[in-house]
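Notes follow once the structure below has been shown.
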Amino acid sequence: MTTHRKQDLPSKHCAVCGRPFTWRRKWAACWDEVRYCSERCRRHRREARPS
């Protein structure tokens, strides 16, 4: 069994709050489409910061 350290996992920045977040197992199939760090940020996506 291979163990992974959290620092070795891929990460992104949230489109709303700009905070970094790391890969989660539930996002394994759709990591390319994930844009928000949480449900709260996803609900507030209309207020997204301009990039």
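The values are calculated or read from the model by the stated rules, or taken from the named source; none is laboratory data. Fair warning: this is a prediction, and the values are worked out from it, not measured in the lab. Positions of Cβ are backbone-derived with ideal geometry, glycine not excepted, and every protein chain shown enters the neighbour counts.
Any residue in the range 34-41 that is out of contact with any strand residue (DSSP E or B) (no Cβ under 9 Å at 6 or more places or on another chain), of a type in the set (A, V, I, L, M, F, W, C), modelled with pLDDT of 85 or more and surrounded by 14 or more Cβ atoms within 10 Å (Cβ to Cβ)?
Within the range 34-41, the first condition is being out of contact with any strand residue (DSSP E or B) (no Cβ under 9 Å at 6 or more places or on another chain), and the residues that meet it are 39-41.
Checking the rest, the ones that are also of a type in the set (A, V, I, L, M, F, W, C) come to 41.
With the extra rule that they be modelled with pLDDT of 85 or more, the set shrinks to 41.
Narrowing the set further to residues that are surrounded by 14 or more Cβ atoms within 10 Å (Cβ to Cβ) leaves 41.
Yes: the range 34-41 contains one or more residues that are out of contact with any strand residue (DSSP E or B) (no Cβ under 9 Å at 6 or more places or on another chain), of a type in the set (A, V, I, L, M, F, W, C), modelled with pLDDT of 85 or more and surrounded by 14 or more Cβ atoms within 10 Å (Cβ to Cβ).
Does the range 13-30 hold any residues that are among the charged types (D, E, K, R) and either touching a helix residue (DSSP H, G or I) at 6+ places or on another chain (Cβ under 6 Å) or within 19 Å of Arg46 (Cα to Cα) (or both), and which are they?
Our first condition is that a residue be among the charged types (D, E, K, R); within the range 13-30, this holds for 19, 24-26.
The answer is Arg19, and nothing else.
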Filtering the range 1-41 for residues that are small (Gly, Ala, Ser) and within 8 Å of the chain's Cα centre (by Cα) leaves a count of 2
